[in-house]
1. Quick one: if you stick a label point 7 Å off each Cα along the C-beta vector at residue 72 and residue 98, how many nm between them?
2. For an R0 of 25 angstrom, estimate the FRET efficiency from the Cβ-Cβ distance between residue 81 and residue 109 and round to the nearest 0.05.
């Protein structure tokens with residue numbers, strides 16, 4: 001079962017859950033409507049509704065985790081970009097860099113890191 005199948009199933013039923021709690025409440029609503037319908041055996045339908053609810057809840061949790069990961073990666077990317085810009089600015093400010101100056105800068109960075 002894919003995310004598209006879950007979403008299509010809910011759209012086909014006229015339901016658009018935005019969070020797992022809403023999906024579960026809509027699941028209860030659907031179950032009640034199925035039990036009131038006289039001409040069908042509700043067991044396979046109940047299983048399908050439960051599967052759709054679980055899928056929707058899983059997708060909501062996965063979306064939350066992925067959003068947090070994106071925020072973390074963006075922050076790390078921004079920090080890396082700042083470091084790269086700082087290195088370029090340092091070299092540009094001093095003009096031409098000779099080997100001794102470069103070694104001094106590297107040694108100073110090593111001392112600063114400790």
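1. 4.7 nm
2. So, using R0 = 25 Å, E works out to roughly 0.85.
No value in this document is a laboratory result; all are computed from the given coordinates. This structure is a prediction, so every number in the text was calculated from the model and none was measured. Counting neighbours? That spans all protein chains shown, and the Cβs are built from the backbone with ideal geometry, glycine included.
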